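In what follows, a structure is listed as structure tokens, so that the remarks can point back to it.
The values are calculated or read from the model by the stated rules, or taken from the named source; none is laboratory data. Keep in mind that this is a model prediction, so the values were computed, not measured. Here the Cβ positions follow ideal geometry from the backbone for every residue, glycine too, while neighbour counts run over all protein chains shown. Calculation scope for accessible area: heavy atoms of the full protein, side chains included, ligands and nucleic acids excluded. Shrake-Rupley method; radii C 1.70, N 1.55, O 1.52, S 1.80 Å.
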Amino acid sequence: LDVGVEELEELIQGVDLMMDATDNFDTRLLMNDMALKHHIPWIYGGCVGSYGVTYTFLPGQTPCLHCLMGTVPFGGETCDTAGIIPQAVQMVTANQTTEAFKLLGGYPEDLRGKLLSFDLWKNEYVAIAVDRLKKSNCPSCGSQPTYPYLSTSHRQKTDVLCGRDTVQIRPANRIYLNLAEIADRFAALGEGNVEWNSYLVSFSVGEHRLVVFADGRALIHGTKDVAKARSLYHRYLG
Ligand SMILES: [Zn+2]
């Protein structure tokens with residue numbers, strides 16, 4: 001699953017609230033800028049292992065995700081090795097959905113107001129006041145916002161996918177590839193196992209496998225090395 005600026009702009013029309021169920025900060029920072037631009041609250045939720053964090057972002061009131069990055073321990077980097085226990089997910093989603101009820105039901109005074117962080121295994125629960133972390137010069141929520149994550153140049157184009165030894169690469173702008181043509185081109189190289197259908201082309205090269213989608217997105221399996229993945233992408237897709 002992948003979402004970019006264009007998809008979010010379409011999805012956000014008529015929406016009162018965004019709920020985060022993503023697994024990377026690239027997408028969350030994009031959601032954050034989109035929420036601020038459209039003055040829509042959004043509810044962050046993240047977990048790894050037995051650890052979870054949730055926070056309700058209110059445009060014009062609370063600090064935004066951009067303000068909090070680098071300060072708040074979101075713990076999102078290690079799901080590769082730590083895995084996750086479902087109870088942590090249940091805890092985060094119970095809090096997220098209750099906050100959603102309060103917002104959508106018209107009870108803003110009952111919102112938690114604090115960032116909730118817990119570790120079910122270590123029996124730690126803290127609600128942290130983060131209001132003073134709001135930055136007046138924040139490029140996303142400050143007095144002169146530029147929404148940097150909505151612009152092409154700031155958009156991260158690679159993600160190392162959690163636990164899958166795979167790098168995802170997506171083009172800065174939406175493109176449309178002729179998959180039949182690409183499959184022919186790969187087959188002509190004489191390397192391994194070209195398979196394709198109307199959604200994707202899959203192709204092996206050495207210990208790597210490239211899966212290319214019609215919108216230009218690609219999954220490079222067999223590596224976590226972004227530079228290596230990029231070079232394979234560029235070598236075979238230009
Ligand atoms: Zn901010």
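Scanning the range 43-57 turns up no residue that is within 16 Å of the ligand (Cβ to nearest atom) and open to solvent by 30 Å² or more (accessible area, probe 1.4 Å).
Screening ALA35 with (1) in contact with a His (Cβ under 9 Å, 6 or more places away or on another chain); (2) at negative phi gives one miss only, at (1).
Checking each residue of the range 195-209 against the condition of being out of contact with any Gly (no Cβ under 8 Å at 6 or more places or on another chain), open to solvent by less than 40 Å² (accessible area, probe 1.4 Å), modelled with pLDDT of 90 or more and within 30 Å of GLU9 (Cβ to Cβ) gives at least one match.
Results for (1) assigned by TED's automatic domain parsing to the domain that holds PRO139; (2) part of a loop (DSSP other than H, G, I, E, B); (3) within 17 Å of VAL130 (Cβ to Cβ), shown as yes or no for each residue.
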residue: GLU9; (1), (2), (3): yes, no, no
residue: VAL15; (1), (2), (3): yes, yes, no
residue: ASP23; (1), (2), (3): yes, yes, no
residue: THR27; (1), (2), (3): yes, no, no
residue: MET34; (1), (2), (3): yes, no, no
residue: ILE40; (1), (2), (3): yes, yes, no
residue: GLY45; (1), (2), (3): yes, no, yes
residue: VAL48; (1), (2), (3): yes, no, no
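Here PHE118 fits the description: part of a strand (DSSP E or B) and away from the ligand (no atom under 16 Å from the Cβ). Residues that are surrounded by fewer than 18 Cβ atoms within 10 Å (Cβ to Cβ) and either within 20 Å of ARG164 (Cα to Cα) or in contact with a helix residue (DSSP H, G or I) (Cβ under 8 Å, 6 or more places away or on another chain) (or both) within the range 222-235 comprise THR223, LYS224, ASP225, VAL226, ALA227, LYS228, ARG230, SER231, listed in sequence order.
Taken over the range 104-125, the criterion of being aromatic (Phe, Trp, Tyr) and touching a residue at least 24 places away in the same chain (Cβ under 8 Å) is satisfied by PHE118, TRP121.
Between THR27, THR22, which is touching a Lys or Arg at 6+ places or on another chain (Cβ under 7 Å), among the hydroxyl-bearing types (Ser, Thr, Tyr) and at pLDDT below 95?
Going through THR27, THR22 in turn, just one is touching a Lys or Arg at 6+ places or on another chain (Cβ under 7 Å), among the hydroxyl-bearing types (Ser, Thr, Tyr) and at pLDDT below 95: THR22.
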